[in-house]
Amino acid sequence: MTDDVDGTGKATEALHSSVTASVYTQTRVNPLPDEYMIKVVSSQKLPPQITTRSSAEEIVEAFAAAHGVPLDRINLFTLDRPRHDSEVEAIRALGPNFVMDKDGDVMPAISAALGEYFFPNGYPLHGIAANIGGSAEAGLLLPVVWRGGTAVVEFASKAGLKSNQWEDRYNYSEDEQASIREYGFEPGRPFRVQDIYENPFADGIATFGGITNSLWVEAYQPALRGLIGAEVGIEGIRVHSLEISSNGRAEILHAQFEYQENAGAARHLLTPYLTHLLELNTAGEVNKRVARLLRSNEERLRTEIGQEYYLALDLDGGRFRMYDDVYRSLRQDGKNQRFTERDDAILTAARNQRPDWFVDPA
């Protein structure tokens, strides 16, 4: 299981805490459809009756019992999304605290499992609740189980959540139900992350490499401050990554890469195309740059578009199917606005110059 970039938007904007993550294991893995997933994750084992269908009260009480802490000392993570608001408030009303981030829910789960991430209240991050993210990250939660924790997931409806209402998470469309069943799962049925793997405790390792500096690690986990993405030097780049084995052992690994030319050339090659495009001032400039990038490396541009705009598109037979209503909501959503007129220009240029990349191109 691999997620090339967990925290795609942050990586594109060079913001903190985006990682590349993989789980390698010597057992059969059931692939997951590209759908939303509800996730409840705890660094300590929760009772089997606690699932994504449990009430806020049941989840909070289970966390308190499993971690041996008062309700108002429970620390949880969720993605900062309007769709989570009502459930977050329901849990907060019972005492627990939340930390939020705009993107990336793998590293918070792994940080909780490592048990060295402390908040100002003197307690660690205990897990994740009131959270709906991508399915690609679900299989990457197996290290939480390796270290004695719990990770429960369930498919959520991307179509239903266009309303941004937690209560609509089970309003599956017919296409979503068919997609989930095609992969051997049942809509509306929670399951444990280890159920994705035939033998979840077979020999295996998980690796987490920082693409950008990790706030989770630098601010709260002194023991893991080596995991800061990459150090750029005169002669090369030193990369740090976290490795967790199936016996639960965690360690930091280091690797040194030398430049083929020089630091400036390497920096230019490693900077995402979309970063350059988002710095341009006019649609005309974007159009010209997209044409140039298509001549240079069209597959890289195509990959970056898929990663940056994944919230508003799916792959359909190898082509992008844009959900324009979802894009518009993310374009207009006030303080949670994800896209701007520069994104409009990028997508318009791509659609016009490579209509074959898109289903029903505009």
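Only the coordinates and a few stated rules stand behind these numbers; no lab work does. For clarity, every value in this text was computed on a predicted model and none was experimentally measured. As a convention, Cβ positions derive from the backbone with ideal geometry for all residues, glycine included, and neighbour counts pool all protein chains shown.
Name the residue, out of ALA265, ALA90, ALA21, whose mean-square fluctuation peaks in a Gaussian network model built on the chain with Cα pairs under 10 Å.
It is ALA265.
Under a 5 Å amide H to amide H cut-off, with H placed in plane at 1.01 Å, what residues pair with PHE77 once short-range neighbours are removed?
Excluding prolines and chain starts, which carry no amide H, the hits are VAL99, GLY127, ILE128, ALA129.
When DSSP assigns beta bridges and you keep just the ones with both residues in the chain, what percent turn out antiparallel, to the nearest 5?
On the way: 48 of 56 bridges.
DSSP beta bridges in the chain are roughly 85 percent antiparallel.
A 28 angstrom limit on the alpha carbon distance is what I want to check against. Which of LYS102/LYS288; LYS102/LYS158; LYS102/LYS162 exceed it?
With Cα atoms farther than 28 Å apart: LYS102/LYS288.
Want the number for ASP168 to ARG92: 0.36 nm per residue separation, take away the alpha-carbon distance, what's left?
Extra length available between ASP168 and ARG92 comes to 25.3 nm.
Given C-alpha coordinates of the chain, what is the ratio Rg to Rh with the Kirkwood estimate of Rh?
Result: Rg/Rh = 0.96.
Please compute the length gained on full extension between ARG331 and ARG28, using 0.36 nm multiplied by the number of residues separating them and subtracting their Cα-Cα distance.
Extending this stretch completely gives an extra 105.1 nm.
So if R0 is 30 Å, what FRET efficiency would LEU294 and THR2 give, r being the distance between their Cβ atoms, rounded to the nearest 0.05?
According to the calculation, E is roughly 0.70.
Given the -39500 (n - 2.57) contribution per DSSP H run of 4+ residues, what per-residue ellipticity at 222 nm results for the chain, rounded to the nearest 500 deg cm²/dmol? Don't skip to the answer; put the middle values down first.
Values: 12 runs with 116 residues, N = 362.
Value at 222 nm, helices only, nearest 500: -9500 deg cm²/dmol.
Rounded, prolate or oblate: which one fits region 13-164, using the alpha carbon gyration tensor with axes a ≥ b ≥ c (rounded when a/c is under 1.5, else prolate when a/b beats b/c, else oblate)?
Values: a/c = 1.34, a/b = 1.17, b/c = 1.14.
Here region 13-164 falls in the rounded category.
Mean-square fluctuation check for the chain, GNM, Cα pairs under 10 Å: which of VAL145, VAL290, VAL41 is largest?
In this elastic network of the chain, the residue with the biggest mean-square fluctuation among VAL145, VAL290, VAL41 is VAL290.
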